[in-house]
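See below for the structure under consideration.
The values are calculated or read from the model by the stated rules, or taken from the named source; none is laboratory data. Computed from a predicted structure; not experimentally measured. Cβ placement follows ideal geometry from the backbone for every residue including glycine, while neighbour counts extend to all protein chains displayed. Surface areas here come from the heavy atoms of the whole protein model, side chains and all, with no ligands, DNA or RNA. Shrake-Rupley method; radii C 1.70, N 1.55, O 1.52, S 1.80 Å.
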Amino acid sequence: MPGEGVFELGDLPLKSGATLRNAKIAYKTHGHLSGDKSNVILYLTPIAAQHGDIEWMIGPGRALDPERNFIIVLDQLGNGLSSSPSNTAPPQDRGRFPTINIQDNIAAQYRLITEGFGISQVALVTGYSMGAQQAFQWAVSHPDMVERIAPFCGTAKTTPHNAVFLMGVRAALTADSAWLNGDYKNQPIEGMRALARVYAGWGFSQAFYKQELYRQMGFARLEDFVAGFWERRYAGRDANNLLSMLRTWELNDVSATPGFDGSLERALGAIKAKATVMASETDLYFTPADIQSDAEHIPGSRFRIIPSLWGHLAGAGLNRADSRFIEDEINSLLSS
């Protein structure tokens, strides 16, 4: 049976030099750990998602099959279940929550895996978007522990153009007068709606909108889609949590791992895991060219383009054809 849990980390030193007090990491498991602990898959959350939001790839006969594998879905710091602005005690609560780096996430996850489960080898690390960022970092930080990685729709380092996109969605949220520098009494709803509408122009491709593919999701009109999908997507999330994860995304850079002196090529070249790296053909901010460039620096990696009009959201489990493509590639990697 799936099992949810929280692992207490105590005081967690961060890359920024700060210490996150009484830190914790949340997770959910599927399947059973084999006797030799060789069937472990780590599945990592993207921005705004919690472990229950990304289970489309988990199930009997799916790529992440709990009848064969022990799957651990790991909640990134800032997502509202692991340590986040919304659940951390003063003086590190709300807008005073310390800056989190992707390396901080992997440090917390590593402790859970090794101390909590006694695992020393991981068969596969996979994830979408920010989950892909974490998958790259796992393979760089722990090259002898990770056997395979399958990052999709994400890069090993945030590009300047991607950072500008993040500035836009951040500015939309914080322009709300209810924001109050993070000390709001009620969620800044108008800012969250503005963030959703800015994001709507980036998440799917131009062709998706031109061909009205949102009709396949049950929306008859464009305005219904923007409100019913995008605004609803962020409803119930905490603004400070979103901003924390946006900052983590912006700082993503595997070349900042100790020992690589800022060289992305050297960091990716040190990966020992078998890698299948996937990009959506129409992703507007994690572009195929940027992801292919990352893949080319990983020894022996396989780069695959998801032939989709669904933009970045090709990796979100919304469209059957895209999901099948991703799962087929992961199945092929797992069988290698």
Original post:
Residue-wise, which Karplus ³J(HN,Hα) couplings in Hz belong to region 136-153, taking 6.51 cos²θ - 1.76 cosθ + 1.60, θ = phi - 60°, and x for glycine or proline?
Top reply: 4, 5, 4, 5, 7, 6, 9, x, 8, 9, 9, 8, 8, 9, 9, x, 9, 6
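Using a cut-off of 9 Å between beta-carbons, work out the net charge of the residues near H297 (Lys and Arg +1, Asp and Glu -1, H297 not included). Present the calculation step by step, with values, prior to reporting the outcome.
On the way: positive: R266; negative: E265, D294, E296.
With Lys, Arg at +1 and Asp, Glu at -1, the neighbours total -2.
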**OP:** Would you mind checking which residues have amide H under 5 Å from V125's amide H? H placed 1.01 Å from N; only 5 or more apart, or other chain.
**Re:** L42, R148, I149, A150
**OP:** Please turn the phi angles of region 289-304 into ³J(HN,Hα) values with the Karplus equation 6.51 cos²θ - 1.76 cosθ + 1.60 (θ = phi - 60°), one per residue in order, whole Hz, x for glycine and proline.
**Re:** 5, 5, 5, 4, 4, 4, 4, 5, 8, 8, x, x, 6, 10, 9, 10
Original post:
Residues with amide H under 5 Å of A23's amide H, sequence separation 5 or more or different chain, H placed in the peptide plane at 1.01 Å from N; which?
Top reply: L9, G10, D11, L12
Original post:
Beyond 37 Å, what percent of the Cα pairs of the chain remain?
Top reply: 12
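Please identify every one of the GluC sites (Glu not before Pro) in region 1-88 that sits in a loop by DSSP and has no more than 15 other beta carbons within 10 Å of its own beta carbon.
Working: sites: E4, E8, E55, E67; in loops: E67.
Loop-located and lightly packed - E67.
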Subject >> Positive-pole candidate from A196, T158, P85, dipole of region 76-205, charges at beta carbon >> reply: A196
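Considering only lysines 8 or more places apart in sequence, or on different chains, count the pairs in the chain whose C-alpha atoms sit under 23 Å apart.
Numbers: K15/K24; K15/K157; K28/K37; K37/K272; K37/K274; K157/K272; K157/K274.
Lysine pairs satisfying the spacing and distance rule in the chain number 7.
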**OP:** Provide the per-residue ³J(HN,Hα) series for region 111-126, in order, calculated from phi with Karplus coefficients 6.51, -1.76, 1.60 and θ = phi - 60°, each as a whole number of Hz, with x at glycine and proline positions.
**Re:** 5, 4, 5, 7, 7, x, 10, x, 8, 10, 9, 10, 6, 7, 10, 9
Subject >> region 262-328, relative contact order [Cα under 8 Å, separation at least 6], % >> reply: 32
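Once you have the Cα-Cα distance between R197 and S255, take 0.36 nm times their residue separation minus that, and quote the gain in nm to one decimal. It would help to have the intermediate numbers written out before the result.
On the way: separation 58, 0.36 × 58 = 20.88 nm, distance 3.26 nm.
Length gained between R197 and S255: 17.6 nm.
Counting only other residues whose beta carbon sits under 14 Å from that of N162, what net charge do I get with K and R as +1, D and E as -1?
-2
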**OP:** Take the Cα radius of gyration of region 280-335 and divide it by 2.2 N^0.38 Å, with N its residue count; two decimals is plenty.
**Re:** 1.14
Original post:
Between S120 and Q292, what is the spin-label point distance in nm, taking each point 7 Å from the Cα along the Cα→C-beta axis?
Top reply: 4.1
Original post:
What's the center-to-center distance, using Cα atoms, between region 217-255 and region 109-149 in Å?
Top reply: 25
Subject >> Mean separation of Cα contacts under 8 Å (6+ apart) over length of region 49-129, as relative contact order % >> reply: 15
Original post:
Averaged per residue, what accessible area in Å² does the chain show with a 1.4 Å probe, protein chains only?
Top reply: 40
**OP:** With both partners inside region 25-115, how many of the DSSP beta bridges are antiparallel, as a percent to the nearest 5?
**Re:** 40
Original post:
Taking 0.36 nm per intervening residue step and subtracting the Cα-Cα distance, what contour gain separates S38 from N186 on full extension?
Top reply: 48.6 nm
Original post:
Amide H of I306: which non-local residues (sequence gap of 5 or more, or other chain) have their own amide H closer than 5 Å, using H built in the peptide plane?
Top reply: A279, S280, E281
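Express the Stokes-Einstein translational diffusion coefficient of region 193-336 in µm² s⁻¹, to the nearest whole number, given a Kirkwood radius over alpha-carbon pairs, 10 °C and a viscosity of 1.306 mPa s.
Values: Rh = 17.2 Å.
For the chosen part, D equals 92 µm²/s.
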Subject >> Taking the chain and dividing mean pair separation by its residue count, relative contact order in percent (alpha carbons under 8 Å, at least six apart) >> reply: 18
Original post:
What net charge do the residues around Y184 carry, taking every other residue with its C-beta under 11 Å from that of Y184, with Lys and Arg at +1 and Asp and Glu at -1?
Top reply: -1
